[in-house]
Amino acid sequence: MKTTKFYKLVIVVLILVNLTTLFFLWKGPRRPKHPDRNELVEMLDLSGNAKTKILALQDDHFKKKDALIKRSRNLHESLFKSFNDESKDSTDIKRLIDEIVENQRETEQMTFDYFKVVNALCTPDQQIRLQELIHDVLKRAGGPPSPPKH
């Protein structure tokens, strides 16, 4: 009888521990949506007019990027809802995939253009640091390989 009560108590405690763990995993600390507003400025040691321009560019860049990410999410959702939609034919699916690809192209082009303008506002030393930062981010994100070093 005592062992049955003991096992019931252990099971209840384990369930509570598991539920608590799941709660903290689900609601735990999240990474901010975007890096700190001043992070790039600080890493490149920017000041003056370049700092002001880059902060304005950064705000615009993230607004556009957020809109493209939202559009991508909606397009993907539409695509995968098509599994159960008999009215969707291969033409509709191809169109959705083409829109997803075009949205990704716009995202990549916008990001390239942003960094090209940032690069133009930097001194030669800051440009080198910017290239290093971009390559570090690409390595962590599993992006394209770095160019060969001479």
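Our summary gives region 44-111 a relative contact order of 42 percent, counting only alpha carbon pairs under 8 angstrom and 6 or more residues apart.
Suppose R0 equals 41 Å. What FRET efficiency, 1/(1 + (r/R0)^6) with r the Cβ-Cβ distance, do Phe112 and Thr21 give to the nearest 0.05?
0.45
The relative contact order of the chain, computed from alpha carbon pairs under 8 Å that lie at least 6 residues apart in sequence, is 23 percent. Applying Stokes-Einstein at 4 °C and 1.567 mPa s to the Kirkwood radius of region 20-142, computed over alpha-carbon pairs, gives a translational diffusion coefficient of 74 µm² s⁻¹.
In summary, the aspartates and glutamates within cross-link reach of Lys70, defined as a Cα separation below 19 angstrom excluding same-chain residues under 8 places away, comprise Asp59, Asp60, Asp98, Glu99, Glu102, Glu106, Glu108.
If the segment from Asp136 to Ala67 were pulled out straight at 0.36 nm per residue, it would be longer than the present Cα-Cα gap by 22.3 nm.
Of the DSSP H helices in the chain, those with a Cα length along their own long axis of 24 Å or more and a mean Kyte-Doolittle hydropathy reaching 0.0 comprise 2-27.
Every number here is computed from the coordinates shown, using simple stated rules; none is lab data. Small disclaimer: the values here were computed from a predicted structure and weren't measured. Positions of Cβ are generated from backbone atoms using ideal geometry, with glycine treated the same way; all protein chains shown enter the neighbour counts.
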